Amino acid sequence: MASETGSRPVIEILLDAMGWAGIDNTYVVLRDTKWDVPATLLHRQREAWPQLAYLMTPGTGSIPETVDVAHPFVRDADVVLGFPDVWFRPRPALAGLLAARARADHDVVLALFPSERPDKTDMVEVEGALVTGLRTKPGPCDLTHTWILATWGPRFTSFLHGYLDASSTHEADEAPLELQMSHVFEAALTRGISIGAHFVHDGHFIDIGTPDDMARASEIRVPEPLAKGDFG
């Protein structure tokens, strides 16, 4: 099962936040050997969570390819991306991100959290409320925020799908050795896709997928699961 904090799988933190934000449907993309994940989540299902559907894949070469597995189901929809191994707070950060995109006319909006580890996180260049660049694990630099959550519309979904198709054919030699979502966002900027910045100034996060942060996660006080009435 996915990494845990206390007695709760970390993915539950994301599902709580999605429910809080009013998201109705969530696709969980999994390797086709990970049937323990839906079994566990079915056992722990909360009324407040979105409706869950599972997309199984024999494996992909990168996170963007994993995201693109959902393309046939979300190509005409507004999309929210979160990572099941990233613990974050405050819980309403995702709802705030969606509200920020509703207020601004951007193709993509990223939720930016303070980061003191540019050696481990992708840092974001910003001018005002616009993202102007992304740097993948750059090491020491003067940038202060990384992105943890993202939301976008059909234009970026289409761009992502086409970018991956191109990278697998004639542009393969130009693709990064380990393709990340930040690389795709960077490429999208060069094609005129606008990316907005939503700062979560009081935000905190831990990537439970890394061994040293796994130890930190054991000290987290995990919020109680949500009930349907918590949404008001």
What is the gain in length, in nm to one decimal, between Ser168 and Arg75 on full extension, counting 0.36 nm per residue of separation less the C-alpha to C-alpha distance? 31.5 nm
Cut-off under 5 Å, modelled amide H: who pairs with Arg8 long-range: none
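State the volume of the convex hull built on the alpha-carbon positions of the range 28-141, expressed per residue in Å³ and rounded to an integer.
Working: hull volume 17.2 nm³, N = 114.
So the per-residue Cα hull volume is 151 Å³.
Checking the a/c ratio against 1.5 first, then a/b against b/c, what shape does the Cα gyration tensor give for the range 36-79? Mind dumping the intermediate values first?
Working: a/c = 2.94, a/b = 1.40, b/c = 2.10.
Oblate, because a/c is 1.5 or more while a/b does not exceed b/c.
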Please give the charge dipole size of the range 1-124, origin at the Cα centre, charges +1 on K and R Cβ atoms and -1 on D and E Cβ atoms. Round to the nearest 20 debye. 320
So, how do all the Cα-to-Cα distances of the range 89-185 break down into 10 Å bins, in percent, from 0 on up? 14, 41, 36, 9, 0
Once you place label points 7 Å from the Cα toward the Cβ at Thr57 and His161, how far apart are they in nm? 1.4
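Where a number appears in this text, it was derived from the coordinates with a stated rule and is not lab data. Predicted model, so just to flag it, every value in this text is computed and none were measured. Quick reminder, even Gly has a Cβ in these numbers, built from the backbone with ideal geometry, and neighbours come from all protein chains shown.
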